[in-house]
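This report concerns only the one structure given below.
The values are calculated or read from the model by the stated rules, or taken from the named source; none is laboratory data. Computed from a prediction, not measured in an experiment: that's the story for all the values here. Reconstructed Cβ throughout: ideal geometry from the backbone, glycine too, with neighbour counts over all protein chains shown.
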Amino acid sequence: MNILLSGAFDSFVQLIGALIIFAFVIGITYLTTRWMGGIQKGRNNNKNLHIIETIGVGNNKMISIVEAGTVYLVVSVGKDEVHLLAQLTREQLKDFSFESQQKTVETQESFSEILSKLKDRLPKK
């Protein structure tokens, strides 16, 4: 009888240990994701360069429209190279919805602000 209890206790301790390790891995993953997100946000916060549109045309090959200041460049992007295909004017573009998207990205609220507004709307017990 004593052997069965010690075996069950060992299994329980192993389960608790596995749960602690799992929680630790989840915590490290969360912190790493937030850190990498901050780095990416800093990189993508350019004032003069914006990728307007991209389309894949094959394995590791894309064609992109890039806004550089007031100039629009059509570039082909491959695995190891980038080539200029054409230069467009604003009048040659068909869709300007990207401008409203850029404005909304600049004025987006942080997650904590959205969460606090959501908390205020929830009914209090």
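For the reader, a short list of remarks on this structure follows.
- Leading residue by the ranking (modelled with the lowest pLDDT) among those in the range 85-125 that are β-branched (Val, Ile, Thr) and surrounded by 10 or more Cβ atoms within 10 Å (Cβ to Cβ): 105
- Pairing each residue of the range 57-84 that is of a type in the set (D, E, K, R) and modelled with pLDDT of 90 or more with any residue that is surrounded by 12 or more Cβ atoms within 10 Å (Cβ to Cβ) and assigned to a loop (DSSP other than H, G, I, E, B), provided the two are 6+ apart or on different chains, yields C-beta distances under 7 Å for 61/78.
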